Every structure is written in C-alpha cells, then in structure tokens.
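Participant: My questions all concern the structure below.
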Amino acid sequence: MVVSTGVGGGIVLNGRLLDGASGNAGHIGHVIVEPSGRRCVCGARGCLEAETSGPAIEAITGRPPTQPTYEIIQRTGRLVGRGIASVCNLLDLPLAVVGGSVALGFGAPFFQAAQNSLDELCRLEFSSGARIVPARLGDDGSLIGAAAFALRGMNRMARI
Ligand SMILES: [Zn+2]
C-alpha cells in the first residue's frame, strides 16, 4: 500500500496478487474511513484517499504533509489503520506493508498510530495480531513493483 499523492495498494492473498474483474483489486484508497468525511474524486465521502493523501492533508490542515503536526500524524495513522483493519477483517490478511512519501515521511509515530488503530479494530480470532510495517524499498518500491507486474504479465503470455 502507498500513502502518498494518492492512496492505493495491491493485495497478495495465498501468495498471489489479486486482480479483480478489471484489474483494480486492492484499491484501498476508496475504502470509507470517515462516513461524513470529505468528498472524494470518486464521488463518495470519506475515502481513505480523500482523508489521508498528501493533497488531502494539505486541504484539511492548511499544512503541507512535509510539515505535519503531531495531531496530523496521529489522525492520518489512525485512519490508515482503520482502512487496513477493514481489509484484514475481510480477507484474513496478517500483514500490511505501507510505503509512500506521506507514510514514510511521517515515520514511526504514524506507524504506531496505524498499528494502534489496527489492534483496536481487528479483534476476530484470525485478524487479531495483524501488523502494519513500513515498506523497505523506499523510492524504488513502485519501480520494482511495476517491473514485477510486467514480468508477471509476460509469464502469463508465455503460457498462452
Ligand atoms: Zn473515493
């Protein structure tokens, strides 16, 4: 998952990347985390992207995400944890890897707030203990992911 200019992600379930009907499975940016929250580009209200992306943070707080206050970091982490909790409860996922300039820029306090939210909301036997960790690939993560996605597509074509 990335929390950056936008919020998005992918889901690896049972070792396989989920596609969905149109290839958009895992688009966590449009999970609703604030039912009466800000209007999102998708038309709904309170989507994770509308509440926690860099542009959303700036619109809500008047501060660029590179200069967050403690409260901004806590709120963003809490909402990201809320969105992830829904996915963990829905899909029996034990781990969320989060990157992106907002998440990684906010650092440890963000991840702690997100984990606290996850701990509070994942209470089923299978979902309690789910973890949120920072992506370790830094700025290379999206490039490596894109290359892996392309290789996956080439492997599929080779089988046809
Ligand atoms: Zn949306």
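The values are calculated or read from the model by the stated rules, or taken from the named source; none is laboratory data. The structure presented is a predicted model; accordingly, all values stated were derived computationally and were not measured. In this analysis, Cβ positions are derived from the backbone assuming ideal geometry, glycine residues included, and neighbour counts consider all displayed protein chains.
Participant: Collect the residues in the range 41-75 that are away from the ligand (no atom under 16 Å from the Cβ) and closer than 22 Å to residue 115 by Cβ, keeping them in residue-number order.
Facilitator: Those that are away from the ligand (no atom under 16 Å from the Cβ) and closer than 22 Å to residue 115 by Cβ: 65, 68, 69, 70, 71, 72, 73, 74, 75.
Participant: Can you tell me which residue is nearest to residue 145 (Cα to Cα) among those in the range 47-98 that are β-branched (Val, Ile, Thr) and crowded, with 21+ Cβ neighbours inside 10 Å? Give the steps one after another, and end with the answer.
Facilitator: Taking the range 47-98 as the starting set, the residues that turn out to be β-branched (Val, Ile, Thr) are 52, 57, 60-61, 66, 69, 72-73, 76, 80, 84, 87, 97-98.
Going one step further and asking which of them are crowded, with 21+ Cβ neighbours inside 10 Å, we end up with 52, 57, 73, 76, 80, 84, 98.
Numbers: 52: 22, 57: 26, 73: 26, 76: 24, 80: 21, 84: 20, 98: 13 Å.
My answer is 98.
Participant: Examine the range 71-92 for a residue that is assigned to a loop (DSSP other than H, G, I, E, B), at pLDDT 95 or above and basic (Lys, Arg), and state whether such a residue exists.
Facilitator: Checked against the condition, which is being assigned to a loop (DSSP other than H, G, I, E, B), at pLDDT 95 or above and basic (Lys, Arg), the range 71-92 yields no hits at all.
Participant: Taking the range 16-38 as the search range and keeping residues that are in contact with a Lys or Arg (Cβ under 8 Å, 6 or more places away or on another chain) and more than 9 Å from the ligand (Cβ to nearest atom), which one is modelled with the lowest pLDDT?
Facilitator: Across the range 16-38, the extreme among qualifying residues is 17.
Participant: Let me ask something additional. Taking the options 80, 102, name whichever one is away from the ligand (no atom under 15 Å from the Cβ), touching a strand residue (DSSP E or B) at 6+ places or on another chain (Cβ under 8 Å) and within 21 Å of residue 10 (Cα to Cα).
Facilitator: After applying the criteria, what remains is 102.
Participant: Can you pull out every residue in the range 26-45 that is in a loop (DSSP other than H, G, I, E, B) and closer than 24 Å to residue 104 by Cβ? Step through it out loud before you land on a result.
Facilitator: First, the residues of the range 26-45 that are in a loop (DSSP other than H, G, I, E, B): 26-27, 31, 33-38, 40-44.
Across the range 26-45, the qualifying residues are 26, 27, 31, 33, 34, 37, 38, 40, 41.
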